1. Answer yes or no as to whether residue A:217 is of a type in the set (A, V, I, L, M, F, W, C) and touching a strand residue (DSSP E or B) at 6+ places or on another chain (Cβ under 7 Å).
2. Mind telling me which of the residues B:59, B:101 ends up being among the hydrophobic types (A, V, I, L, M, F, W, C) and open to solvent by less than 60 Å² (accessible area, probe 1.4 Å)?
3. Look through B:157, B:131 and report the one residue that is surrounded by fewer than 20 Cβ atoms within 10 Å (Cβ to Cβ) and either among the small types (Gly, Ala, Ser) or out of contact with any Asp or Glu (no Cβ under 9 Å at 6 or more places or on another chain) (or both).
4. Quick one: count up the residues across segment A:192-213 that are open to solvent by less than 10 Å² (accessible area, probe 1.4 Å) and either more than 17 Å from residue A:278 (Cβ to Cβ) or within 14 Å of chain B (Cβ to nearest Cβ) (or both).
5. Of all residues in segment B:185-194, which are free of Cβ contacts under 8 Å to residues at least 40 places away in the same chain and either among the β-branched types (Val, Ile, Thr) or more than 8 Å from chain A (Cβ to nearest Cβ) (or both)?
6. Output the number of residues of segment A:224-241 satisfying the condition of being open to solvent by 20 Å² or more (accessible area, probe 1.4 Å) and more than 14 Å from every other protein chain (Cβ to nearest Cβ).
7. I need every pair where a residue in segment B:80-102 that is over 17 Å from residue B:190 (Cβ atoms) and without any contact (Cβ under 8 Å) to a residue 60 or more places away in the chain has its Cβ under 9 Å from the Cβ of a residue that is among the hydrophobic types (A, V, I, L, M, F, W, C) and open to solvent by 40 Å² or more (accessible area, probe 1.4 Å), sequence separation at least 6 or different chains.
8. Looking only at residues that are within 14 Å of chain B (Cβ to nearest Cβ) and open to solvent by less than 10 Å² (accessible area, probe 1.4 Å) in segment A:138-151, which one is modelled with the lowest pLDDT?
Amino acid sequence: MKKHLLAFAVAAVAAGSAFAQAGDTLAKIKSSGSITLGVRESSGLGYTLGNGKYVGFHTEMSERIADDLQKQLGLAKLEVKYQPLTSQNRVPLVQNGTVDLECGSTTNNQARQKDAAFAFTTYVEEIRIAVKANSGITGIKDLNGKTIVTTTGTTSVQTLRKNKRADGLTFKEVMGKDHADSFLMLESGRADAFIMDGSILAANISKSKVPADFKIVGEVLSVEPIACMMRKDDAAFKKAVDDSIVRQIKDGSLAKLYDKWFMQPIPPNNVKVGLPLSAATKEAWEHPNDKPMEAYEVK
Amino acid sequence: MNWDWQVFCEDTIERQVVQGCFGKNGDITYLDWLMSAWGWTVSVSLCALVIALIVGSIIGTLRTLPDRPWTVRFGNAWVELFRNVPLLVQIFLWYHVVPAIFPVLKQVPGFLLVVLALGFFTSARIAEQLRAGIQALPRGQRYAGMALGFTTFQYYRYVLLPMAYRIIIPPLTSEAMNIFKNSSVAFAVSVAELTLFAMQAQEETSRGIEVYLAVTGLYMISAFVINRIMAFIEKKSRIPGFITAGGSGGH
């Protein structure tokens, strides 16, 4: 809170204006000459290469947002700081001002909208099923009586639970401690299927010893809009971020960025993820919006 | 800080607040889930504690046997093996590596593996304490037992162990409490215990602070109950005039 007050005081003096507010992120960025981006260490949309280097589709997109903010604020130089976040601490760190903009793999849902604001959806995640290629499983109906793994601390567990009740299936559910652990359970035969975000499944398969042994099958179990998260009640900052996203969609640079991170070989192993742009993501780019997950219908 | 303790009364599918906080007709609320998670934590801990006490007692005793160099070496090897490898690594060895060597173990549920891993890990520590307890006894006690014509088994059973156990009750209390706290590693092999509940429920509800506070409270209660049970045992097993009562300091 003290930091906030300090930022406020500096902003007020620097701008010479009484209009600056404590929740004014743009003023904070302008006065401090820096922006703090929340990034992920290992996720489908952002990850680290070590040594404080953060890359990925969403990470690079947020750097471009920072560029646009710099132009808008007329700053000669804008220092970009990176703060790695986890699923557990991302909301509090955005709320308390440690991070100005979090572009990781955060699902925009109603529960989180109570705590934070979301920019326009830039990626629509589809929850899919990965199985061993020779397992004969083709969809959720084949999972009756099977063991299914998902990762602790993800929304896929809820998806699984809902499907279980809707389809009257009985299956055994196990939870991996992280995605690598969950994938290991599928690989070692402890689980028959791994239910998770399509991008995470594709990334894990591409990194496995024999990618051809696995495939993603069946219907889309749930659709989740992924968006950058920021503090609530800061309309000017949200508009600036949204404008930058619309700019990136309009001039095709976001599509290029997608191609770079999902269709081309990427570091550190120079392996392709190979996940073409989904119809749902394309739709979200054509009609920029910040609707929560609850507004999406599973087709 | 605005609290939202109602979150525990929500059902886990639609997230609607349920009357009475406990789910009906097969639906479960976060409170139901929390209680079941607590049950798993307590089950893992108590089962592991039983294994740790039995195995730890055997290994600890073996390490003090006279004129049995190979038995002593076996005991030493056991202790060094299980206390030098981090617990989480041991869990993964049991879950992913050992079944790769013996495929029959793939059918063994994670619960059993984690009980074995936690039990053996703690057994090494208890064995070390028991050895220290036995060696703390005056040598004359062993000789007195032998002079009475007891066999090795008999003088351990009737003379050495009853005294050694009384000496090591305080560190044993710590181990019993540690087992509850260490049981949190069970989440790594998908046992639905408190830590797994905390990570999952906070993600689903976005009410991390309430969830972690509740889980912390349950860990503290569990560890404290075992602490009180051990304190009761310590009090009841005390022999007046032999081992001074705890807390009275040195004389």
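The values are calculated or read from the model by the stated rules, or taken from the named source; none is laboratory data. Note that the coordinates shown come from a computational prediction; the quantities given were computed from them, not determined experimentally. With ideal geometry, Cβ positions are generated from the backbone for all residues, glycine too; neighbour counts draw on all protein chains shown. The protein model used for the area step is the full one, side chains on, heavy atoms only, and it has no ligands, DNA or RNA in it. Shrake-Rupley method; radii C 1.70, N 1.55, O 1.52, S 1.80 Å.
1. Yes; evaluated as a whole, the condition is true for this residue.
2. Being among the hydrophobic types (A, V, I, L, M, F, W, C) and open to solvent by less than 60 Å² (accessible area, probe 1.4 Å) holds for just one of B:59, B:101, which is B:59.
3. Among B:157, B:131, only B:157 is surrounded by fewer than 20 Cβ atoms within 10 Å (Cβ to Cβ) and either among the small types (Gly, Ala, Ser) or out of contact with any Asp or Glu (no Cβ under 9 Å at 6 or more places or on another chain) (or both).
4. 4
5. If the condition is that a residue be free of Cβ contacts under 8 Å to residues at least 40 places away in the same chain and either among the β-branched types (Val, Ile, Thr) or more than 8 Å from chain A (Cβ to nearest Cβ) (or both), then no residue fits.
6. Total satisfying the criteria: 6.
7. Sorted first by the residue in segment B:80-102, then by its partner, the pairs are B:85/B:93.
8. So the first thing to find is which residues in segment A:138-151 are within 14 Å of chain B (Cβ to nearest Cβ), and the list is A:147-151.
Those still in the list that are open to solvent by less than 10 Å² (accessible area, probe 1.4 Å) too: A:148-151.
On the way: A:148: 93, A:149: 94, A:150: 93, A:151: 90.
Selected residue: A:151.
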